[in-house]
Amino acid sequence: MLQPADLPSAPGPIGVFDSGYGGLTVWRWMRDLMPDYDYVYLGDNARAPYGNRSFELVYEFTLQAVRRLFQMGCHLVILACNTASAKALRTIQQHDLPQMDASRRVLGVVRPTAECVGYITRSRHVGIVATTGTIRSRTYELEIAKLFPDIVVTGEACPLWAPLVENGEAQSDGADYFVRRHIESLLNRDPQIDCIILGCTHYPLLLDKIRRYTPSDIRLLPQGEYVARSLECYLSRHPEMLQQVSRNATRHFYTTERPEFFNENAAMFLGEPVSAEHVVLK
Ligand code: DGL
C-alpha cells in the first residue's frame with residue numbers, strides 16, 4: 001500500500017485526470033486562467049470510455065491514476081471526468097486519501113458545476129447530458145438538490161457521445177444523428193428546461209452539433225470555465241495547498257495509449273503541439 005513516505009514531498013504540479021481526451025477541455029481553461037502553475041495531464045485512453053463501466057472498475061482505474069499522479073509529485077489532483085467524479089471521488093476522498101496521505105487532495109467537476117447552475121436557470125428546470133454512469137449515479141441531482149432544492153433536474157444518458165469523440169468522429173455526420181436524438185429526447189421529457197449541463201468533459205468537442213439541435217433560447221453549460229474558476233478560488237482559500245503547487249509553467253502529458261495517437265488528437269483539441277509519454281497504470 002502507498003504510504004506518505006513513498007511520495008515526493010516537494011511542491012509539484014497540479015494533476016489533471018480523465019479517461020481520455022475530454023479532460024483537456026477543462027485543463028485548457030485552467031492553463032489560460034492560471035498559466036504559471038505546473039500541470040501533469042493523464043489520460044487513460046487505452047481503457048476509455050469509462051461511461052458504461054461498473055462502479056468497481058471506474059473506482060479501481062481512477063484510484064490507480066490518482067496514485068500515479070501523487071507519485072509524479074502532485075499534491076492536488078483534479079478528476080476532470082464526471083464519470084470518475086460521480087463514481088469514484090467520494091470513496092477516494094473518504095477511504096483512500098487518509099491512508100495514502102491525508103494532506104493531499106482530490107477534487108472533482110460535479111460540485112463546481114452544480115454550484116453555478118442555480119444562478120443561471122430562470123425556469124428552474126435544468127437538463128443534463130452525460131454518460132450512462134454519471135446519469136445512473138444521480139450525482140448531479142443530489143448535488144443540485146443540496147444547493148438548490150427548487151430545481152427540477154432531468155438527466156439524459158448519451159452512451160455514444162464520448163466514444164464518438166474518443167474515436168475522432170466528433171465532426172462526422174454520424175455524430176449528428178446521436179446528438180439530435182438525445183437532445184430531442186431530453187427536451188421532450190421536460191420542455192421547460194432552459195439550460196443544459198454538458199456533464200461530460202468530452203462534450204465540448206461536440207458543442208457545435210449540440211448547439212445546432214438545441215433551441216437558441218436554451219443555454220448550454222460546458223464545465224471548463226466553472227471548474228477552472230472554482231479551482232482558482234479553492235487555491236486562494238487554501239494557502240497550505242497553494243504552497244504545494246510548483247510554478248514553472250511546465251506541462252507534461254501522459255497517456256496509457258500510444259503517445260502518437262494522443263499527440264495527434266490532443267493537438268487537434270488544444271490547437272497546439274503536444275508531446276505525450278506512455279504510462280502504465282496498475
Ligand atoms: N470525460 C468523461 C466524463 O466527463 C468520461 C467519458 C467516458 O470515458 O465515457 O464523464
Set of aspartates and glutamates near residue 282 by C-alpha distance (under 18 Å), chain-local residues within fewer than 8 positions excluded: 6, 18, 44, 56, 60, 96, 257
C-alpha long axis of helix 259-270 to longest principal axis of the chain, angle in °: 50 degrees
Spatially proximal lysines relative to residue 146 (Cα-Cα < 20 Å; intrachain offsets below 8 disregarded): 87
Inter-part distance where the range 196-274 and the range 1-53 are each reduced to a Cα centre, Å: 11 Å
Area accessible to solvent at residue 32, 1.4 Å probe radius, in Å²: 100 Å²
Solvent-accessible surface (1.4 angstrom probe) belonging to residue 268, in square angstrom, nearest 10: 120 Å²
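Suppose every K and R has +1 on its Cβ and every D and E has -1 on its Cβ; what is the size of the dipole of the chain about the Cα centre, in Debye to the nearest 20? Kindly include the intermediate steps, with their values, before the conclusion.
Details: 29 positive and 32 negative charges, 102 e Å.
Rounded to the nearest 20 debye, it is 500 debye.
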Most to least accessible of 9, 185 (protein chains only, probe 1.4 Å): 9, 185
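So how strong a dipole does the range 1-92 carry about its Cα centre when Lys and Arg Cβ are +1 and Asp and Glu Cβ are -1, to the nearest 20 debye?
Working: 8 positive and 8 negative charges, 44 e Å.
Roughly 220 debye, rounded to the nearest 20.
With charges only on Cβ, +1 for K and R and -1 for D and E, what is the dipole size of the range 47-139 about its Cα centre, in debye, rounded to 20? Present the calculation step by step, with values, prior to reporting the outcome.
Details: 13 positive and 5 negative charges, 51 e Å.
Using Cβ point charges on Lys, Arg, Asp and Glu, the range 47-139 gives about 240 debye.
Tell me, what is the percent relative contact order of the chain, built from C-alpha pairs under 8 Å that lie six or more residues apart? Write down the numbers at each step before the final one.
Values: 540 pairs, mean separation 75.7, N = 282.
This gives 27 percent for the chain.
Could you order 234, 226, 41 so the one with the most accessible surface comes first? Probe is 1.4 Å.
Details: 234 25, 226 45, 41 5 Å².
Largest accessible area first, the residues go 226, 234, 41.
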Dipole-positive endmost among 210, 165, 265 within the chain (Cβ charges, Cα centre): 210
Relative contact order computed over the range 144-240 (Cα-Cα under 8 Å; 6+ residues apart), in percent: 27 percent
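The values are calculated or read from the model by the stated rules, or taken from the named source; none is laboratory data. These figures come from a predicted structure and were not determined experimentally. We place every Cβ from the backbone using ideal geometry, glycine too, and count neighbours over all the protein chains shown. Heavy atoms of the whole protein, side chains included, go into the accessibility calculation; ligands, DNA and RNA do not. Shrake-Rupley method; radii C 1.70, N 1.55, O 1.52, S 1.80 Å.
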